[in-house]
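Participant: Please find one structure pasted underneath; my questions will follow.
Derivation of every value follows stated rules applied to the coordinates shown; laboratory data play no part. Because the structure is predicted, anything quoted here is derived from the model rather than measured. Here the Cβ is made from the backbone with ideal geometry for all residues, glycine too, and neighbour counts use every protein chain on show.
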Amino acid sequence: MAEQRPSPRTPLNIGVIGAGWFASRRHLPDLQSNPDARLAALCRRSEPELRKLGEHFGVERLYTDFRAMLEQEPLDAVLVASPHGLHHEHARAAVERGLHVLVEKPLAVTTHQASELVGLARERSLLLSTALNPPFWPHCCALRERVRKGELGEIEAAELNMVGTVEHVFGRAPMPANLPGLVPPTLFRGDPSLCGGGNLADSGAHLISELLWIVGQPVDSVSAWMDDATSDLRAVVTITLANGTTGTVTAVGNSRYPERRVHNVYYGSAASATVDGLPFRLTLPRPGGESESFPERELPPVPSPVANFIDAILGRAPLAAHPQHGADVTAVLEAAYRSAQTRRRVDLDRRTS
């Protein structure tokens, strides 16, 4: 039986491995503004950017070696926002130090790595979560609730589409001059060994997360086509769930249209629901066959990944993104790349988030 951990004192000391472009836009501000957390230490390999982030967020403890940070700092938890291919090494080291871990998506780049992390955290009674967007988006939470209540009937099919322009973060186009963030993104996404694939492994992971999280069924099989089965910018993935639901995920990262477009449809046996964006708008059925649309800002707010992670550590809420959900998304991603490479359907062991 796992040892019961004492309730931690606040503020929680939280260190960051992979303090970079995206973390500076989302997670670091969330940590800095949370009264129950202290942004205790930052780690990244490039010293000039590390110093810039430290000065901006008021963090004095700066490291270029993540193991030195874990050994020297009295931490309660760690945020891992390093390149995808390093998530397993960094998260495992933190768990082995007895720390709770929030990992940027994906949890890992192989099913074996993700399952190992889930098992290690469970053995040590530590929290492990993945910052996939759907559990932290109001429209996804509202839609999941309607699906759980049966208002759409049984979900029979779903289409999820994200079309945008992300070639710059893969090193295939110039970096925009007005790109938000304190430091520029590194180009690790252009290296399949660090990205775990291409655009599907990056932006497309959120679409896979949304399908699995909202429908709530185990995955039976995955089939995929990609323009490049090692480092894609265009991918179409068909996912068959245990109840017969067929989901199609389309992720395009080299559109000539200047803005990102999202259009997701869930077809239920009783009604359909639609998500459009950006910004997101959720359209749901009403009694009598009519429908009603809700802008994201009008839906009940939900905590950010950081806020939910901290609340869960303090025993105030369950994790919104259960560790197995992160592992399930990794399993689908790995299967999709294998399918695209072999041109065959890949069957999965049944899991559910």
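Participant: Tally the DSSP beta bridges in the chain and give the antiparallel ones as a percent, rounded to 5.
Facilitator: Given both bridge residues lie in the chain, the antiparallel proportion sits at roughly 60 percent.
Participant: Would you mind calculating the gained length between ASN243 and VAL302 on full extension (0.36 nm times residue separation, minus the Cα-Cα distance), in nm to one decimal?
Facilitator: 18.4 nm is the gain from fully extending ASN243 to VAL302.
Participant: Enter the Cα centre distance for the pair the range 200-226 and the range 143-195, rounded to the nearest angstrom.
Facilitator: For the range 200-226 versus the range 143-195, the Cα centre distance is 12 Å.
Participant: Another one. With a cut-off of at most 11 other beta carbons within 10 Å, and DSSP calling the residue loop, which GluC sites (Glu not before Pro) in the range 234-330 qualify? Please list them.
Facilitator: In loop regions of the range 234-330 (DSSP not H, G, I, E or B), the sparsely surrounded GluC sites (Glu not before Pro) are GLU259, GLU290.
Participant: In vacuo Debye scattering of the range 141-230, one point per C-alpha: log10 I(q)/I(0) at q = 0.17, 0.18 Å⁻¹?
Facilitator: -0.88, -0.93
Participant: Using alpha carbons only, how many degrees (0 to 90, rounded to 10) separate the axis of helix 204-215 from the longest principal axis of the chain?
Facilitator: 60
Participant: May I ask for the distance between the Cα centers of the range 320-347 and the range 1-75, given as a whole number of Å?
Facilitator: 30
Participant: Give me the angle, in degrees from 0 to 90, between the Cα long axis of helix 138-148 and the longest principal axis of the Cα atoms of the chain, rounded to the nearest 10.
Facilitator: 50
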